[in-house]
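Novice: Can you read through this structure? Questions will come right after.
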Amino acid sequence: SVFLAFLRRSSTSLRVLDRQFGQKKARGLVSWLVRNRYGVKEYRLEPVKVRPRTEARVCLSGERQAAAEALADLRNNRRAKNQTAFLEYLIQQDAPVMLSRALKESGCSRATVTALQKKGIVTFDQVTVRRDPLAAHPVNISYPLTMTAGQQQVFDEICDGLRRAEKGKPAVFLLHGVTGSGKTEVYLQSLAEAIRQGKRGIVLVPEIALTPQTIERFASRFPGRVAVLHSQLSLGERFDEWQRIMRGDADVVIGPRSAIFAPQPDLGLIILDEEHEWTYKQQDSPRYHAREVAVRLAELKGAAVVLGSATPDIESYHRTETGDYHLLELPGRVTPYENAPMPKVEIVDLRAELKSG
């Protein structure tokens, strides 16, 4: 058949067969070939799609004295005004400069620098440059706030859980705090305590809550030590963030459910904010619930888990009653929300509503 003739040419990917013959037909024929041992299905790694980003850097090739002598010769050459200007700029720099920045600040062209390179006056090298997803968002450093008595009590219990987790007894806390009760400040100070103990953390937030403001709040408390992982990053940014996390350059990783799989070394604390949200469930294969993954990961790593919500999932709340989770509560609001009235809650029997309808 045409299908077999196509396969005889060479091994090919399922993606190519899907395009050529249609997914349903191609998958059915492949299954039949493998089942009857007429063919073999193999799994291969895809070609590398992204690599570290590199940029050219320029510096003097010799001592400053030699560069000064070369500059004196160039000044005597009326045709070398641009080379003179660039060399004057480079001599004033205390360290090697990125070529793109040097060209912009000196107002010279790449051809000018190449001419100086051919004369042996300057030299290039390639350096790895990080693609920083937070570069466009300036970070203002923030400092820990004074906690209320309720926040302090919750914080002390989490700190105790961190110490027990370090000894191989991981604890899972359900932090039931009303909106405006200061749960985020507890998260931030708990992360700071984990870092003080030589550990690192992962913070999961629902996809809809992963806003620049949310990220900035953590980045301002731990400047330069926060990594971000989410689907809106470019492939290069995700690659750089993943490598940075794996090297141990990020104390805190923040992202949606998939960030739970970040290669965070020395993991000590996992936080799930708004733990009741359905977006923590992965609907496609491989299916998982980030909350269950977090708890299991904490058991493997000897870490503590904090599940925070104003309206906890009923399953999570039940686990506090069975003793699997430890319940922590923040029933009051903090300034400036402390005087705001609590919303009125009324229980409605939907069975009666349906009958009357």
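The values are calculated or read from the model by the stated rules, or taken from the named source; none is laboratory data. Only a predicted model underlies this, so the values are computations on that prediction, with no experimental measurement involved. Positions of Cβ are backbone-derived with ideal geometry, glycine not excepted, and every protein chain shown enters the neighbour counts. Side chains are part of the model used for accessible areas, which takes the heavy atoms of the whole protein and leaves out ligands, DNA and RNA. Shrake-Rupley method; radii C 1.70, N 1.55, O 1.52, S 1.80 Å.
Novice: Could you go through the stretch 145-155 and let me know if any residue there is under 24 Å from the mean Cα position of the chain (by Cα) and open to solvent by less than 60 Å² (accessible area, probe 1.4 Å).
Specialist: No, the conditions are met nowhere in the stretch 145-155.
Novice: Could you please tell me which pairs satisfy a Cβ distance under 7 Å, a separation of 6+ or placement on different chains, a first residue in the stretch 229-250 that is within 20 Å of residue 218 (Cα to Cα) and without any contact (Cβ under 8 Å) to a residue 40 or more places away in the chain, and a second residue that is surrounded by 18 or more Cβ atoms within 10 Å (Cβ to Cβ) and among the charged types (D, E, K, R)?
Specialist: 229/238; 229/241
Novice: Still on this structure, I have one more. What's the number of the condition residue 241 fails, among (1) acidic (Asp, Glu); (2) open to solvent by 70 Å² or more (accessible area, probe 1.4 Å); (3) within 16 Å of the chain's Cα centre (by Cα)?
Specialist: (2)
Novice: What are the residues in the stretch 249-269 that are more than 10 Å from the chain's Cα centre (by Cα) and either open to solvent by 10 Å² or more (accessible area, probe 1.4 Å) or charged (D, E, K, R) (or both), if any?
Specialist: 249, 251, 257, 261, 263, 265, 266
Novice: Working only within the stretch 270-324, note down all residues that are closer than 18 Å to residue 160 by Cβ and open to solvent by less than 10 Å² (accessible area, probe 1.4 Å).
Specialist: 270, 271, 298, 303, 304, 305, 306, 307, 308
Novice: For the condition of a type outside the set (Val, Ile, Thr), touching a residue at least 12 places away in the same chain (Cβ under 8 Å), surrounded by fewer than 17 Cβ atoms within 10 Å (Cβ to Cβ) and touching a strand residue (DSSP E or B) at 6+ places or on another chain (Cβ under 8 Å), what is the one hit in 209, 171?
Specialist: 209
Novice: How many residues does the stretch 182-206 contain that are among the hydroxyl-bearing types (Ser, Thr, Tyr) and either open to solvent by less than 10 Å² (accessible area, probe 1.4 Å) or closer than 21 Å to residue 164 by Cβ (or both)?
Specialist: 2
Novice: Then there is this: Among 191, 229, 174, which is at pLDDT 90 or above, in contact with a Gly (Cβ under 7 Å, 6 or more places away or on another chain) and closer than 30 Å to residue 321 by Cα?
Specialist: Going through 191, 229, 174 in turn, just one is at pLDDT 90 or above, in contact with a Gly (Cβ under 7 Å, 6 or more places away or on another chain) and closer than 30 Å to residue 321 by Cα: 191.
Novice: Just to be sure I understand, how many residues within the stretch 26-36 are touching a helix residue (DSSP H, G or I) at 6+ places or on another chain (Cβ under 8 Å) and open to solvent by 40 Å² or more (accessible area, probe 1.4 Å)?
Specialist: So the count comes out to 2.
Novice: Same structure, new question: Looking for whichever is surrounded by fewer than 18 Cβ atoms within 10 Å (Cβ to Cβ) and hydroxyl-bearing (Ser, Thr, Tyr) here; the options are 179, 112. Which one fits?
Specialist: Within the list 179, 112, the selection yields 179.
Novice: Limited to the stretch 115-141, what total is found for residues that are within 12 Å of residue 54 (Cα to Cα) and either of a type in the set (Phe, Trp, Tyr) or assigned to a strand (DSSP E or B) (or both)?
Specialist: Result for the stretch 115-141: 4.
Novice: In this structure, is residue 14 at pLDDT below 85 and surrounded by 11 or more Cβ atoms within 10 Å (Cβ to Cβ)?
Specialist: It is false that residue 14 is at pLDDT below 85 and surrounded by 11 or more Cβ atoms within 10 Å (Cβ to Cβ).
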